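Some notes on the structure that comes next.
The values are calculated or read from the model by the stated rules, or taken from the named source; none is laboratory data. Note that this is a predicted model, so its numbers are computed, not measured. As a convention, Cβ positions derive from the backbone with ideal geometry for all residues, glycine included, and neighbour counts pool all protein chains shown.
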Amino acid sequence: MAVPHEVRSTASQPAYASVVYTGSSPNPAGRGTHVSSVGISHHPERVGERAEAYVARGDYAGIEWHIERGGEVLSAGRAGLADPLEGVALPDVPIYRIYSMTKPLVAAVAVMLVDEGRLRLSDPVARHVPEFGDPQVREADGTTRPARTPLLVEHLFTHRSGLSYNWQQTPVSGLYAERVRFQDEHSLEDLVKSLAGVPLFADPGTVWHYSHSLDVLGHIVAVVEGKPLAAVLEERLFAPLGTTDTGYFVPESERGRILPMFTEPGDPGAGSLGYAPPPMLYPADDPDYARGGLGLFSTLPDYVKLARFLIGGRDPRGERLLSKAGVEALWTDRLAPAQTPISIAGLPKYHGYGFGLGGRVLVRPSDSPFSSVQGEAGWEGAGTTYFWLDPKNDITGVVLSQYLGQRFPLGEDIRAAFYESLDGTSAPHDG
């Protein structure tokens, strides 16, 4: 029996109607505590002290951060080295593998297409990728059945597609390992077609589950635009924003600025940092490589510009690239109460959050294990890259390092240190 659903929309913004299931009540972002004294911090050194403590303990090689309000820098700096094992200093402008911080950028460009009426949240995915025309669901007992709900474009934005990753523990994990063509030599189209050949693990729209959804959405962006995803992002986002160090390909002359990636050392007695093996890294030298869910390289100055765009929808000259409704849709929770709390690999760090078209949205600050404010939003990458947006107070923050693995909640901790340093906001949960 099909799960009943309803489409909620408004007369003024039907393009961003949420396809939600009975009982859902989306919570808009930005209803939180207003930090009236955000430009005056009694303890501005706390952010730097927090970052330096991580480096001093050997938890991370180097850390950069930048926090601003409406273009005014509130805290910015760096700590540590590019490579403490070799004593190599951070370059002037390091280049980072940002992994899943690729996802919100792909989502934003997809929302541009929604703005233009060329893509709809209610479109069946099969309209753009015919291989998804007959989605099947694999049950826990190994049997397969037809999906009871349609697979829609909105489900890709919000990780409710029923897709998965091979490292997630689901009934389809083994099939992902066997069939999904994620290797660097395969194109995004190859990857998406291989994903379509694996059953879903849940009916579309029913469960939040972190997955390859943005890879499929990125392919749809390329199909709608009629050009490769990398070219679309360059033309529609990176060129207008002037983010010249952001892309899927790093020129040979600039590869010396790419920071080494660290992880847990293979030898427990070898210290706290070890080099991540090459198979864990994506390539810098393949101009045709692109994924919707990861693959971009960027820098702190570039992602600061990208974060400004994600909170306001404008380029540095003030020209609008994304409608106001589109920006709001990126950071408005669209999950049903039964689909929360969201979690990745069982970690509780996202408790209190819902999910919009672009990433996490804090809707219940009292449930979150980290200090923040109502409506705070953003995302992060597996290599310890992190950004947050505070739409109510026009604050953006970017924190970058290079460590593969959920060792410590660096981004959340830096964010908490910032809010706790503000005059009168030591308890920003009050909303």
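Quick notes on this structure:
- GLY266 vs. criteria more than 24 Å from LEU306 (Cα to Cα), at pLDDT below 95 and assigned to a loop (DSSP other than H, G, I, E, B): yes
- For the range 154-201, the set of residues classified as more than 26 Å from SER122 (Cα to Cα), of a type in the set (Phe, Trp, Tyr) and touching a Leu at 6+ places or on another chain (Cβ under 8 Å) consists of PHE182 only.
- Top-ranked residue of the range 291-309 - restricted to ones that are part of a loop (DSSP other than H, G, I, E, B) and out of contact with any strand residue (DSSP E or B) (no Cβ under 9 Å at 6 or more places or on another chain), ranked as surrounded by the fewest Cβ atoms within 10 Å (Cβ to Cβ): GLY293
- Residue check, GLY326 touching a helix residue (DSSP H, G or I) at 6+ places or on another chain (Cβ under 7 Å), modelled with pLDDT of 95 or more and crowded, with 22+ Cβ neighbours inside 10 Å: yes
- With respect to the conditions (1) within 30 Å of LEU273 (Cβ to Cβ); (2) outside any strand (DSSP E or B), LYS392 lacks only one, and its number is (1).
- Applying the condition of being within 18 Å of the chain's Cα centre (by Cα) and crowded, with 19+ Cβ neighbours inside 10 Å to the range 329-341 and asking which residue is modelled with the lowest pLDDT yields THR340.
So that you can scan it fast, the table gives a plain yes or no per residue for (1) modelled with pLDDT under 95; (2) closer than 18 Å to GLU380 by Cα:
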site	(1), (2)
PRO28	yes, no
ALA51	no, yes
HIS66	no, yes
GLY77	no, no
VAL93	no, no
VAL114	no, no
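- Qualifying positions in the range 239-249 - within 12 Å of LEU321 (Cα to Cα) and touching a residue at least 24 places away in the same chain (Cβ under 8 Å): PRO240, LEU241
- All positions within the range 117-146 that are touching a residue at least 40 places away in the same chain (Cβ under 8 Å), over 21 Å from LEU191 (Cα atoms) and touching an Asp or Glu at 6+ places or on another chain (Cβ under 8 Å): LEU121, SER122
- Candidate set from the range 361-378 (those that are surrounded by fewer than 24 Cβ atoms within 10 Å (Cβ to Cβ) and not polar (S, T, N, Q)); member that is nearest to SER401 (Cα to Cα): PHE370
- Restricted to the range 344-385, and to residues there that are of a type in the set (Ser, Thr, Tyr) and farther than 23 Å from GLY326 by Cα, the residue that is modelled with the lowest pLDDT is SER371.
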